[in-house]
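Below: one structure, written as structure tokens.
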Amino acid sequence: MKIRTSLVVAAFVGVAAPLSAGAAGAPFVRITQPANGARLDAMEQNRLVYEVEPGPRGDHVHVYVDDKEVGILRQLKGSYALETLAPGRHTICVKVVNKAHTPIGVQDCVSASVE
């Protein structure tokens, strides 16, 4: 009886552990810096600070400035040094993409003015 119980528990743990380890939360992207509507200095190196949960369909994220891809990020939380931005208004986005680098519809964008 003890051996049978141990085998059942071991089998259950062997099946349940990989599922819970691979299960992801609801996908999201959060840009925390720069804030939406921020004014950035054209002479400074500006940083994008982000946090991502790619979800089960996502693999990594891409950074876009004015709809142009400028970076690929593989960390779920971190920062990225933006290239020097020309003066004017810019839209900065972080988009979750799949292994084929196709956006899956999970993103966050902010607008910033560079002076």
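The values are calculated or read from the model by the stated rules, or taken from the named source; none is laboratory data. In this text, all values refer to a predicted model and were calculated from it rather than measured experimentally. For the accessible areas, the whole protein counts, side chains as well, though only heavy atoms, and no ligand, DNA or RNA atoms are used. Shrake-Rupley method; radii C 1.70, N 1.55, O 1.52, S 1.80 Å.
For segment 60-74, residues that are at negative phi, modelled with pLDDT of 95 or more and open to solvent by 60 Å² or more (accessible area, probe 1.4 Å) total 3.
In segment 91-113, the count of residues that are open to solvent by 80 Å² or more (accessible area, probe 1.4 Å), more than 25 Å from Ala26 (Cα to Cα) and hydroxyl-bearing (Ser, Thr, Tyr) is zero. Checked against (1) open to solvent by 50 Å² or more (accessible area, probe 1.4 Å); (2) not in a strand (DSSP E or B), Leu85 passes all but condition (1).
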